[in-house]
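K.L.:
A single structure is presented below for examination.
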Amino acid sequence: MADRVTVIGWDGSPLTAAARSALSAATLVAGAAHHLALPEVPSGAERIRLGSVDLAARRIAGHRGTAVVLADGDPGFFGVVRTLRAPEHGLEVEVVPAVSSVAAAFARAGMPWEDARIVVAHQRTLRRAVNVCRAHPKVAVLTSPGAGPAELALLLEGVHRTFVVCEELGTDREQVSVLTSDKAADHSWRDPNVVLVIGGATGGVPTAPWLTGQDPAARTVRGWGLPTEEYDSEGEGPGTGPAHTGAGADPALRAAQLARLGPRTGDLVWDIGCAGGAFSVEAARFGAAVIAVDADPAACARTERAARRHGVPLQAVPGRAPHVLESLPEPDVVRIAAGGVPVVTACTDRRPERIVAHASTRDEAEAIGAALADGGYAVESLLLQTVGLDPADWTERERSVVFLLSGRRIDRAP
């Protein structure tokens with residue numbers, strides 16, 4: 001095992017005295033090509049071109065001498081330190097940090113970033129990174145080949161954002177470009193790069209955050225399954241149209257649907273039949289990206305107003321399901337409030353993890369449950385009854401009886 005392992009971060013600025021001292025004593029140096037070309041690397045040291053960090057860690061573990069690993073930015077922030085410290089390698093490391101690429105990118109943009117979400121985009125995580133960009137107004141994306149600014153822009157089609165693309169930070173070839181997301185796909189971008197994705201903030205007065213990664217959604221009213229009137233906007237009151245009528249509008253049903261779907265950061269939620277936007281807004285408040293769909297353009301407008309009122313970004317798409325669903329990106333969880341069996345079948349074909357729907361009659365509930373089961377989902381059926389009481393004399397104020405159907409995807413063996 002190496003006698004000493006030092007990980008040095010490099011942000012393009014001159015190396016610190018501690019970094020130069022560690023390098024001068026190194027008998028093995030691992031890093032990218034531009035790191036190994038630094039004049040401070042001893043000429044007699046063994047050099048390892050850093051491709052797979054795991055393979056390099058094995059080489060270092062078998063080396064007798066003093067090892068140095070060079071990495072861009074802060075190596076403890078989405079960097080090589082995590083792999084080097086993995087239990088299977090048994091390495092104890094000292095770290096000489098540098099300014100992270102995220103901090104440098106926000107500095108170039110002249111923006112604060114304690115309220116930013118930070119995601120890593122590989123080809124396998126690109127879709128979830130895009131969902132975070134849909135759901136949050138300030139996101140830094142650490143990209144990789146095949147999951148860069150152009151790919152982000154293509155998957156964000158229909159959602160307006162501003163891109164700040166920072167290429168080759170800290171080098172002589174550094175370039176910072178500011179453009180709208182619909183233009184980013186038309187460019188060829190150099191690696192490595194960091195993309196700041198800005199926009200989508202909807203209402204609320206900015207305040208100084210006290211917790212990193214938080215946005216205006218954290219300042220909305222406390223609680224879930226809120227009364228429908230919490231989502232009325234621009235003078236609309238309870239009971240003023242189709243958005244506020246029927247068993248599907250009951251807050252207790254909404255809360256049960258949210259509990260079964262479990263929307264979270266990185267997810268994309270479809271809310272089909274969004275009506276007044278209550279479910280869409282509450283799903284967005286969990287940090288998920290939301291596409292709200294309704295055949296009635298007025299319902300989409302109500303949903304957008306509710307989102308602005310509660311300070312959450314979402315995308316409203318007018319159109320009739322199931323046809324409108326064909327052009328939407330892949331969902332993780334789906335709530336179906338309109339369309340019946342044809343819409344359920346169209347959703348099971350897209351294979352989201354969870355689907356919830358509701359029905360007013362037993363026949364309708366049986367048909368929806370059968371469609372979920374036929375689509376490869378384990379089905380739960382519940383009959384929910386809620387009775388609103390007047391606290392003054394405990395008389396019944398309103399009653400709702402509805403069937404709740406939820407499906408959990410059964411992953412089929414290959």
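The values are calculated or read from the model by the stated rules, or taken from the named source; none is laboratory data. Remember, predicted model here, so these are calculated numbers, not experimental data. Backbone-built Cβ (ideal geometry, glycine too); neighbour counts: all protein chains shown. For the accessible areas, the whole protein counts, side chains as well, though only heavy atoms, and no ligand, DNA or RNA atoms are used. Shrake-Rupley method; radii C 1.70, N 1.55, O 1.52, S 1.80 Å.
K.L.:
Considering only segment 110-132, how many residues are out of contact with any Leu (no Cβ under 6 Å at 6 or more places or on another chain) and part of a helix (DSSP H, G or I)?
P.N.:
Counting residues in segment 110-132 that are out of contact with any Leu (no Cβ under 6 Å at 6 or more places or on another chain) and part of a helix (DSSP H, G or I) gives 5.
K.L.:
Now for a different question. Please go through segment 360-385 and pick out each residue that is of a type outside the set (S, T, N, Q) and over 22 Å from PRO331 (Cα atoms).
P.N.:
Answer for segment 360-385, where residues must be of a type outside the set (S, T, N, Q) and over 22 Å from PRO331 (Cα atoms): ARG362, ASP363, GLU364, ALA365, GLU366, ALA367, LEU382, LEU383, LEU384.
K.L.:
A follow-up question, please. Name the single residue, out of those in segment 323-347 being open to solvent by 50 Å² or more (accessible area, probe 1.4 Å) and part of a helix (DSSP H, G or I), that is farthest from ALA299 (Cα to Cα).
P.N.:
For segment 323-347, the residue satisfying everything is THR345.
K.L.:
Write out, first by first residue and then by second, each pair whose Cβ atoms fall under 7 Å of each other, whose residues are 6+ apart or on separate chains, and whose first residue, in segment 367-391, is touching a residue at least 40 places away in the same chain (Cβ under 8 Å) while the second is assigned to a helix (DSSP H, G or I).
P.N.:
Between residues of segment 367-391 that are touching a residue at least 40 places away in the same chain (Cβ under 8 Å) and residues that are assigned to a helix (DSSP H, G or I), the close pairs are LEU384/ALA252; LEU384/LEU253; LEU384/ALA256; THR386/ALA252.
K.L.:
A further question on this structure: Could you please tell me which pairs satisfy a Cβ distance under 6 Å, a separation of 6+ or placement on different chains, a first residue in segment 184-196 that is touching a residue at least 40 places away in the same chain (Cβ under 8 Å), and a second residue that is assigned to a strand (DSSP E or B) and open to solvent by 80 Å² or more (accessible area, probe 1.4 Å)?
P.N.:
none
K.L.:
Touching a strand residue (DSSP E or B) at 6+ places or on another chain (Cβ under 6 Å), at pLDDT below 95 and crowded, with 20+ Cβ neighbours inside 10 Å: which single residue out of ILE8, ILE60 fits that description?
P.N.:
Result: ILE60 is the single residue among ILE8, ILE60 that is touching a strand residue (DSSP E or B) at 6+ places or on another chain (Cβ under 6 Å), at pLDDT below 95 and crowded, with 20+ Cβ neighbours inside 10 Å.
K.L.:
Another question, then. What number of residues in segment 359-381 are under 31 Å from the mean Cα position of the chain (by Cα) and open to solvent by 40 Å² or more (accessible area, probe 1.4 Å)?
P.N.:
5
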